[in-house]
1. Averaging the inverse of every distinct alpha carbon separation and then flipping it gives the Kirkwood radius. What is it for the range 45-135, in angstrom units?
2. Taking Cα centroids, how far is the range 1-51 from the range 170-199 in Å?
3. From the protein chains alone at 1.4 Å, what is the descending order of accessible area for Asp95, Asp64, largest first?
4. Where does the range 209-269 land on the Kirkwood hydrodynamic radius, alpha-carbon pairs, in angstrom?
5. List the residues, sorted by chain then number, that are 5 or more residues from Leu103 or on another chain and whose placed amide H is less than 5 Å from its amide H.
6. What number results when the radius of gyration of the chain, computed over Cα atoms, is divided by 2.2 N^0.38 Å?
7. Would you mind computing, in nm to one decimal, how far apart the modelled labels at Ala129 and Arg262 are, each placed 7 Å from Cα along Cα→Cβ?
8. Among the lysines, which fall within straight-line cross-link reach of Lys109, defined as a Cα-Cα distance under 27 Å, with same-chain neighbours fewer than 8 residues apart omitted?
Amino acid sequence: MELSGLRQLSETAWEMAPQGAMRVPVILYGSRSLLEEMDDKVAEQAANVASLPGIVRASYALPDAHWGYGFPIGGVAAFDPEQGGVVSAGGVGFDISCGVRTLLTGLCKEDLAGREEKLAEELAREIPAGVGARGKIRLEEPEMDAMLRGGARWAVEAGFGEAEDLERIEERGCMSGADPGAVSREAKRRQRDEMGTLGSGNHYAEVQEVAQIYQEEIAQAYGLALGGLVVSLHCGSRGLGHQIGTDYLREMAAAAESFGLRLPERELA
């Protein structure tokens with residue numbers, strides 16, 4: 001990213017002043033070297049967010065920001081409904097249901113010594129990943145609807161988890177009011193072969209060591225200890241989530257015109 005157009009506020013905060021259609025400034029967080037490595041699209045998308053109606057104070061980009069859908073991934077903004085504020089799919093998540101989880105293993109680094117390469121090979125073999133990857137679970141339409149309605153509870157009932165897992169998941173793994181009827185047949189078709197797959201791009205499955213603890217009491221509550229091993233997952237929403245985003249973005253983009261909203265980028269609808 002080119003920093004010449006930014007004003008440095010502190011060692012780790014930079015400001016882009018409002019210009020063109022921007023209603024508020026953009027604030028980017030990160031060291032000089034980190035921001036220089038960011039894609040120019042981060043600044044462009046953050047500036048587009050700054051032009052949306054009802055935005056409060058600034059459009060923010062966090063240190064992990066990268067090119068996204070409408071908003072940069074790592075972009076943050078607040079909107080005031082009394083000032084004509086909007087809800088943008090690009091801000092709350094274009095392709096819904098990407099998920100991040102950290103799993104306790106009960107192991108420590110020493111338990112894995114000498115087995116790291118073999119474990120990596122086994123994980124790569126057992127976890128389907130990448131564009132076009134197919135999983136071992138195939139759901140026909142009634143089962144697909146049950147999965148969409150039941151979420152993690154469905155997974156536990158199908159034998160893919162334990163009941164106590166649900167106690168550590170928001171809403172116990174299932175939002176009330178989930179309606180499979182609002183999901184298109186195409187979205188369900190795209191998901192049919194992708195159940196149990198990881199995704200591509202910035203999605204990952206990692207075995208990680210707890211190297212530092214900042215809040216001992218919180219760590220204990222989560223069962224974390226120095227030197228302990230956890231498995232962290234960032235799972236994609238796959239074809240299902242992407243198709244849902246595409247389906248409803250089409251409707252929102254058309255609706256934006258009827259509300260007189262002029263969008264700098266369609267994906268901000």
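The values are calculated or read from the model by the stated rules, or taken from the named source; none is laboratory data. Since we're looking at a predicted model, the values are computed, not measured. Because the Cβ atoms are built from the backbone with ideal geometry, glycine has one as well, and the counts that use them run over all protein chains shown. Accessible surface is based on the protein model in full, side chains and every heavy atom, while ligands, DNA and RNA are left aside. Shrake-Rupley method; radii C 1.70, N 1.55, O 1.52, S 1.80 Å.
1. Values: mean 1/r = 0.0595 Å⁻¹.
By the Kirkwood definition, the hydrodynamic radius is 16.8 Å.
2. 36
3. On the way: Asp95 35, Asp64 95 Å².
Of Asp95, Asp64, the descending order of accessible area is Asp64, Asp95.
4. Working: mean 1/r = 0.0639 Å⁻¹.
Value: 15.7 Å, from the Cα pair sum.
5. The answer is Val231, Ser232, Leu233.
6. Details: Rg = 21.3 Å, N = 269, 2.2 N^0.38 = 18.4 Å.
It is 1.16.
7. Label at Ala129, label at Arg262, 4.5 nm between them.
8. Lys118
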